[in-house]
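Here is the structure we will look at.
The values are calculated or read from the model by the stated rules, or taken from the named source; none is laboratory data. Here the structure is a predicted model, which is why all the values come from computation and not from measurement. Positions of Cβ are generated from backbone atoms using ideal geometry, with glycine treated the same way; all protein chains shown enter the neighbour counts. Accessible surface is based on the protein model in full, side chains and every heavy atom, while ligands, DNA and RNA are left aside. Shrake-Rupley method; radii C 1.70, N 1.55, O 1.52, S 1.80 Å.
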Amino acid sequence: MNLAIIGAGRIAAVHAAAAARDPAIALYGIADVRAEAAQALADEYDVRVMDSAEVFADQAIDGILIASSTDTHADFLEQAVRAGKAVLCEKPIALDLERTRYALSVVESGSVACALGFNRRHDPQFAELKRAVVNGDIGRLETLTIISRDPSPPPVDYIARSGGLFMDMTIHDFDTARWLLDEPIRSVFAVGDALIDPAIGQAGDIDTAMVTLTTESGRLCHIQNSRRAAYGYDQRIEAFGSTGMIQAVNETETRLRRTSAEGERSEPPKHFFLERYADAFARELADWAEAWRSGRAPLAGARDGYEALSIAVAANRSRVEGRPVALSEIQG
């Protein structure tokens, strides 16, 4: 796959590094409205700097990875589909459902391999948990608990344009929940507040939340979020079933636990998502490229983006109105 990346920021650099390590992918070019950033990333991998129009027109390009600002995702996604290019788009497609719904209709009217950047589906530990649940290792899955806490809050100016906690951060957990529960979500109940930084509240957002999802059959998922964990990037999942339980635990540098007369000591979790999900990003890229080659669907697609955003919208409404919100109220 000849790959072009639109975007030259932090997440684009992660994808570029993964592409450079994958023998099935050839990094072809970088496009970004910030010329210096595009040049720096292109120079690192000795590839071309392009503008976005060139990316869509160049017949040598097989796939386009969209890692630009959120407000450009939907437009670029639609252009890629219309140009017949395979496309991997970072989440979210857009910050409102109507715009996302239209982009989804464009994707589904085409025939390209379209993946959405829900990298946690590709994490080796989470994937093994999924396999164990599907294989019935814990009987029938009854409850799911997802803990997701960042090491520290992002800058307040980022918060103001992020779409809010549920659309920016929890949307990954919403997708993970859908993937593991494997049945439609019926309702959402969310509570939250700005407990860490009053400036986040003043910007109209929250930094701490708890969300309960209820599926069509009545199974429950509880999600805990915080923008701050003093000990590092806290990423855990517990799947509880009729015959047992399985847990995905935090990743550390070595996973060693030391015991002495003073007691037990283990390492802190890896610092943030770049370290914690490095393997997941590489596997996400490889899955998309293989989907393009074989004609199958990627593990996460545009409809998954729409469904996760719908849950985020429902969570926002639930928190504001103080009641459970049915997904049917959001999706019609």
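Name the most mobile residue of N225, N119, N250, meaning the one with the largest mean-square fluctuation, in a Gaussian network model of the chain with Cα contacts below 10 Å.
Among N225, N119, N250, the largest mean-square fluctuation in the Gaussian network model of the chain belongs to N250.
Mind checking Rg over Rh on the chain, alpha carbons, Kirkwood formula for Rh? Numbers along the way, then the final one.
On the way: Rg = 20.1 Å, Rh = 20.7 Å.
Here Rg/Rh amounts to 0.97.
Multiply the residue gap between S217 and E44 by 0.36 nm, knock off their C-alpha separation, and tell me the result in nm, one decimal place.
Extra length available between S217 and E44 comes to 57.2 nm.
With labels modelled as points extended 7 Å from the Cα through the Cβ direction, what inter-label distance (nm, one decimal) is found for V191 paired with V249?
3.1 nm
How about the stretch 167-240: which chymotrypsin sites (Phe, Trp or Tyr not before Pro) there lie in a loop by DSSP and see at most 13 other Cβ atoms within 10 Å? Spell out each step's value before the answer.
Values: sites: F174, W179, F189, Y231, Y233, F240; in loops: Y231, Y233.
Listed in order of number, the matching sites are Y231.
Label D279 and R228 with points 7 Å out from Cα along Cα→Cβ: what is the distance between them in nm?
3.2 nm
Name the shape class, rounded, prolate or oblate, that the alpha-carbon gyration tensor gives for the stretch 1-78, where a ≥ b ≥ c are the square roots of its eigenvalues, rounded holds for a/c under 1.5, and otherwise prolate holds if a/b is larger than b/c and oblate otherwise. Don't skip to the end; give the middle numbers.
Numbers: a/c = 1.38, a/b = 1.15, b/c = 1.20.
It is rounded, given that a/c, with a ≥ b ≥ c, falls under 1.5.
Work out the FRET efficiency for D75 and R257 from their Cβ-Cβ distance, taking R0 = 45 Å, and round it to the nearest 0.05.
The pair D75/R257 has a calculated efficiency of 0.40.
Only Cα pairs within less than 10 Å get springs; with that Gaussian network setup on the chain, which residue of R296, R317, R258 has the largest fluctuation?
Ranking R296, R317, R258 by mean-square fluctuation puts R258 first.
I need the trypsin sites (Lys or Arg not before Pro) found in the stretch 193-242, filtered to DSSP loop residues with at most 16 other beta carbons within 10 Å of theirs.
Sparse-neighbourhood loop trypsin sites (Lys or Arg not before Pro): R228.
Taking 8 Å as the Cα distance limit and 6 or more residues as the minimum spacing, I'd like the relative contact order of the chain as a percentage.
20 percent
Leaving out ligands and nucleic acids, note down the accessible area per residue over the chain with a 1.4 angstrom probe, in whole Å².
Counting only protein heavy atoms, the per-residue value for the chain is 44 Å².
May I ask you to list the trypsin sites (Lys or Arg not before Pro) in the stretch 21-98 that are in a DSSP loop and have at most 16 other Cβ atoms within 10 Å of their Cβ?
Details: sites: R21, R34, R48, R82, K85; in loops: R34, K85.
Counting only loop positions with at most 16 other Cβ atoms within 10 Å, the trypsin sites (Lys or Arg not before Pro) in the stretch 21-98 are R34.
Give the carbon-plus-sulfur fraction of the accessible surface of the chain in %, rounded to a whole number; probe 1.4 Å, heavy atoms of protein chains only.
Here carbon and sulfur together make up 50 percent of the probe-accessible area.
Per residue of the stretch 291-306, what does 6.51 cos²θ - 1.76 cosθ + 1.60 with θ = phi - 60° give for ³J(HN,Hα)? Whole Hz please, x for Gly and Pro, Karplus curve as stated.
Each residue of the stretch 291-306 in turn: 4, 4, 5, 8, x, 8, 7, x, 4, 10, x, 4, 5, 4, x, 5 Hz.
Pull up the DSSP beta bridges for the chain and report the antiparallel fraction as a percent, rounded to 5.
Working: 33 of 59 bridges.
Looking only at bridges with both residues in the chain, the antiparallel portion is about 55 percent.
For a quick check, take a GNM of the chain with Cα springs below 10 Å and name the residue from G29, G305, G110 with the largest mean-square fluctuation.
In this elastic network of the chain, the residue with the biggest mean-square fluctuation among G29, G305, G110 is G110.
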